[in-house]
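Data first, discussion second: the structure below is written as structure tokens.
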Amino acid sequence: MNEQVLFYAQIIFWVMLFLIAHCYLLFPMTLPFVSEIFKRRKLIEKGDVELPTVSILISAYNEEAVIERKIQNILELDYPKDKLEVLIGDDGSADRTAEIVARYADQGITLVKAPKNAGKAAMLNRLNKIAKNDILLFCDANTMFFPNVVRKLVTPFQDKKIGCACGHLILSDKSGSTLGRGESSYWDLESEIKKFEGVLDLLIGGNGALYAIRRELYTELPVRKSVMDDFFVTTKVLEKGYYCTFVTTAIGTEQTSKESSGEFRRKVRIGRANFNFLFSYLPLLNPLRPLLAYLFFSHKILRWFSPHILILLFIANAFLLTSGLFYQIFFGVMVAGGLAAAFKIVPSGYYFLSMNYAILKGFFMAFKPEKSGGWAREARSDE
């Protein structure tokens, strides 16, 4: 084979290998040390500070299976009722979601009903305009809170530079599916990364299941294309010069998806939504904020492009099979690992493979026209 081709194949191989190793090994392993070196000095929390007013915003679509349990969960929160506003937006549900929510009007639960399904982003924009309180707390209908979650989540806002706080979501897998077990393991790693980013107060993207921001920092969500509302809103807080932190003691729980196909479709939608607005997130790579740029590149950019990196790594490796035993062994390991993942021998490997396939599919779908509004709901393992 042409020596020049082999030369470029080697460059591509080693660069791609470094990028994928950095994304999934080096970055998570070194982040605890980075966070210790560059950790932001926290203000001392004062116990006698007046609690802020909070608006809980939930955008719901066909949630009759869980919405009543969610309302009961909110009513049991340990937070002053006169400082709490609960707005539940029914986005044109075809089931009894709105009917169930309306029953609790006399207990401080406000139903905001849309005439038709316009999408989660449009409903969140509408709820934001109605909300009256200082802090907006966003959550999903299937996320169940620990009683002290609001008190814990609002504490960091004593620091005027904190614009966003994200809670700790614990995923529970009752489905028993291979994908469900893999998702749960993957989320454990993701939570560890978020914890150390939180030490730096530079959390890269909140979690729509449980996060809060100052109301004046809310950025209206685009509605013409699908968008990851939690990532969009929280990164705009960072772009405005505020900090975003992670509160390990503000705990919410959620079940994994009931079916593998449902979880895969959700991952495809997430991938598409991220690529839809990729260019709007590029200010996070600002070289004048090197630590933020490093975290965004390592945690998100490389993650989003990991299927492309893996494909280039595989192709370059194939070109180098005649260049030595190392490349032959590495190629064999890649093939064997891929087969083991595809046949679900290793749950975490299967999840990794399906996640990257979903990201790649979402990437190509981002180039296709998209009907605005609407959202699909996937069944969970607790239903």
Where residues in the stretch 246-266 are closer than 30 Å to residue 156 by Cβ and buried (at least 20 other Cβ atoms within 10 Å of the Cβ), which of them is modelled with the lowest pLDDT? 256
Whether any residue in the stretch 302-312 is modelled with pLDDT of 95 or more and outside any helix (DSSP H, G or I) is what I want to check. yes
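If the requirement is being of a type in the set (A, V, I, L, M, F, W, C), surrounded by 12 or more Cβ atoms within 10 Å (Cβ to Cβ) and touching a residue at least 40 places away in the same chain (Cβ under 8 Å), which of these qualifies: 75, 26, 57?
57
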Check the stretch 33-49 and report whether any residue there is among the aromatic types (Phe, Trp, Tyr), surrounded by 12 or more Cβ atoms within 10 Å (Cβ to Cβ) and in a loop (DSSP other than H, G, I, E, B). no
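Please go through the stretch 310-330 and give me each residue that is closer than 17 Å to residue 19 by Cα and either without any contact (Cβ under 8 Å) to a residue 24 or more places away in the chain or loosely packed, with under 15 Cβ neighbours inside 10 Å (or both), ordered by number. Explain how you work it out, then say what you get.
If we filter the stretch 310-330 for residues that are closer than 17 Å to residue 19 by Cα, which is where we start, we get 310-317, 330.
The answer is 311, 314, 315, 330.
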Residue ID - farthest from residue 172 (Cα to Cα), chosen from residues in the stretch 187-212 that are touching a Ser or Thr at 6+ places or on another chain (Cβ under 7 Å) and not in a loop (DSSP other than H, G, I, E, B): 199
Here are 267, 300, 236: which of them is in the same structural domain as residue 140 (by TED's automatic domain parsing) and in contact (Cβ under 8 Å) with a residue 40 or more places away in the chain? 267
Only one of 184, 175 is polar (S, T, N, Q), assigned to a loop (DSSP other than H, G, I, E, B) and at pLDDT below 90. Can you tell me which? 175
Pairs, first of a type in the set (Lys, Arg) in the stretch 215-227, second outside any loop (DSSP other than H, G, I, E, B), C-beta under 7 Å, six or more apart: 215/135; 215/136; 225/276
Of everything in the stretch 55-114, what is among the charged types (D, E, K, R) and farther than 19 Å from residue 136 by Cβ? Give them in sequence order. 63, 64, 68, 69, 76, 78, 95, 96, 99, 103, 106, 113
Against the conditions (1) crowded, with 22+ Cβ neighbours inside 10 Å; (2) out of contact with any Leu (no Cβ under 8 Å at 6 or more places or on another chain); (3) of a type in the set (Val, Ile, Thr), where does residue 149 fall short? Just the number, please. (2)
Answer yes if at least one residue in the stretch 94-108 is assigned by TED's automatic domain parsing to the domain that holds residue 208, more than 30 Å from residue 158 (Cα to Cα) and of a type in the set (Phe, Trp, Tyr), and no otherwise. yes
Selection count where residues are outside any helix (DSSP H, G or I) and touching a Leu at 6+ places or on another chain (Cβ under 8 Å), scope the stretch 283-301: 1
Quick test of your reading of the structure: residue 352 fulfils all but one of (1) more than 18 Å from the chain's Cα centre (by Cα); (2) modelled with pLDDT under 95; (3) closer than 20 Å to residue 19 by Cβ. Name the failing condition by number. (1)
Take the conditions hydrophobic (A, V, I, L, M, F, W, C), in contact with a helix residue (DSSP H, G or I) (Cβ under 9 Å, 6 or more places away or on another chain), in a helix (DSSP H, G or I) and more than 19 Å from residue 129 (Cβ to Cβ) and apply them to residue 264. Does it pass? yes
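The rows are residues; the columns are (1) within 26 Å of residue 14 (Cβ to Cβ); (2) in contact with an Asp or Glu (Cβ under 6 Å, 6 or more places away or on another chain).
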{"site": "233", "(1), (2)": "no, no"}
{"site": "237", "(1), (2)": "no, no"}
{"site": "240", "(1), (2)": "no, no"}
{"site": "243", "(1), (2)": "no, yes"}
{"site": "265", "(1), (2)": "no, no"}
{"site": "268", "(1), (2)": "no, no"}
{"site": "283", "(1), (2)": "no, yes"}
{"site": "292", "(1), (2)": "no, no"}
{"site": "302", "(1), (2)": "yes, no"}
Within the stretch 99-125, considering residues that are in a helix (DSSP H, G or I) and in contact with a helix residue (DSSP H, G or I) (Cβ under 9 Å, 6 or more places away or on another chain), the one surrounded by the fewest Cβ atoms within 10 Å (Cβ to Cβ): 107
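The values are calculated or read from the model by the stated rules, or taken from the named source; none is laboratory data. The structure displayed is predicted, hence computed values, not measured ones. Ideal geometry is used to build each Cβ from the backbone, glycine not excepted, and the neighbour counts take in all protein chains shown.
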